[in-house]
Amino acid sequence: MPTQIKEQSNDRLYVITGGPGTGKTKLLDELISRGSACVPEAARDIIQQEMRNGGDAVPWKNMQRYSELMLKKSIEDYLAYANAQQVTIFDRGILDTFAHYRLAQLTLPEDSYAHAQLLRYNRNVFLTPPWEEIYETDSERKQTYAESVAVYQTIKDVYVEYGYNLIEIPRTSISERADFVMQALRS
């Protein structure tokens, strides 16, 4: 991970975050179908790659290595889109990794704090709240609903600590959620 990163801020870079199983991926798929530029979640890519390759950098085996890879990929994703001229929506951001470190009681690499201050998304971050009626597990999402709520609260706390304004996305249909995000992006 690069240790010398210059300050970058791009108001066209937005984050949609929240606990697992709150409809983020389906919402992003809908936004993509409407022409939005979106960056996929680093965590799911890492889990899929590790499972394919028989690696152990998955949350239920080696949380330390998984978190390191997630932080590295999140920073790389930010840097890849740092100069985007169009609105670009990230499925989770760098600070989501901080929440994983906090929940697992792991120590963040020292330069991570500087990265979080230097690599800034739009001040408004979209947050999908816990929603038990739609929550489900799969081969890559093994958390219980209660764990999902704890992840949500920790993510919320971390973004607020770093000065972001959270905009909660209502618990409605995917189409209505996408309308909500698109309207907020125009405001």
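The values are calculated or read from the model by the stated rules, or taken from the named source; none is laboratory data. The structure presented is a predicted model; accordingly, all values stated were derived computationally and were not measured. All Cβ positions, glycine included, derive from the backbone under ideal geometry; neighbour counts span all protein chains shown.
Please indicate, with yes or no, whether at least one residue in the stretch 128-150 is assigned to a strand (DSSP E or B) and surrounded by 15 or more Cβ atoms within 10 Å (Cβ to Cβ).
Yes, the stretch 128-150 contains a residue that is assigned to a strand (DSSP E or B) and surrounded by 15 or more Cβ atoms within 10 Å (Cβ to Cβ).
How do the pairs read when you match residues in the stretch 47-63 that are farther than 20 Å from ASP96 by Cβ with residues anywhere that are in a loop (DSSP other than H, G, I, E, B), using Cβ under 6 Å and keeping only pairs 6 or more apart or on different chains?
Taking only residues 6 or more apart or on different chains, the pairs are ASP56/ASN62.
Can you tell me which condition SER187 does not meet? The list is (1) at pLDDT below 95; (2) in contact with a Phe, Trp or Tyr (Cβ under 9 Å, 6 or more places away or on another chain); (3) farther than 28 Å from MET51 by Cβ; (4) of a type in the set (Ser, Thr, Tyr), and all the others hold.
The number of the failed condition is (2).
Would you say TYR159 is modelled with pLDDT under 90 and under 18 Å from SER9 (Cβ atoms)?
no
How many of the residues making up the stretch 95-105 are within 18 Å of ILE47 (Cβ to Cβ) and surrounded by fewer than 14 Cβ atoms within 10 Å (Cβ to Cβ)?
1
State which residue pairs qualify: first residue at positive phi and inside the stretch 161-187, second residue exposed (fewer than 15 other Cβ atoms within 10 Å of the Cβ) in any location, beta carbons under 9 Å apart, and separation of 6 or more residues or different chains.
Pairs found: GLY163/ARG123.
Restricting to the stretch 69-86, give me the number of residues that are within 22 Å of GLN143 (Cβ to Cβ) and either loosely packed, with under 15 Cβ neighbours inside 10 Å or free of Cβ contacts under 8 Å to residues at least 40 places away in the same chain (or both).
4
Being among the β-branched types (Val, Ile, Thr) and out of contact with any strand residue (DSSP E or B) (no Cβ under 9 Å at 6 or more places or on another chain) is true for just one of THR128, THR107. Which residue is that?
Within the list THR128, THR107, the selection yields THR107.
Select, from ARG123, ARG92, ARG177, the only residue that is surrounded by fewer than 20 Cβ atoms within 10 Å (Cβ to Cβ) and either closer than 17 Å to THR25 by Cβ or at pLDDT 90 or above (or both).
Result: ARG123 is the single residue among ARG123, ARG92, ARG177 that is surrounded by fewer than 20 Cβ atoms within 10 Å (Cβ to Cβ) and either closer than 17 Å to THR25 by Cβ or at pLDDT 90 or above (or both).
LYS73 passes all but one of (1) part of a loop (DSSP other than H, G, I, E, B); (2) within 13 Å of the chain's Cα centre (by Cα); which number fails?
Tallying (1) part of a loop (DSSP other than H, G, I, E, B); (2) within 13 Å of the chain's Cα centre (by Cα), LYS73 fails exactly one: (1).
Scan the stretch 24-46 residue by residue and report those that are at pLDDT below 95 and closer than 21 Å to PHE98 by Cα.
LYS24, THR25, PRO40, GLU41, ALA42, ALA43, ARG44, ASP45, ILE46
Suppose we keep only residues that are polar (S, T, N, Q) and in a loop (DSSP other than H, G, I, E, B) within the stretch 100-127. Which one would you say is nearest to LEU69 (Cα to Cα)?
The extreme case among them is THR107.
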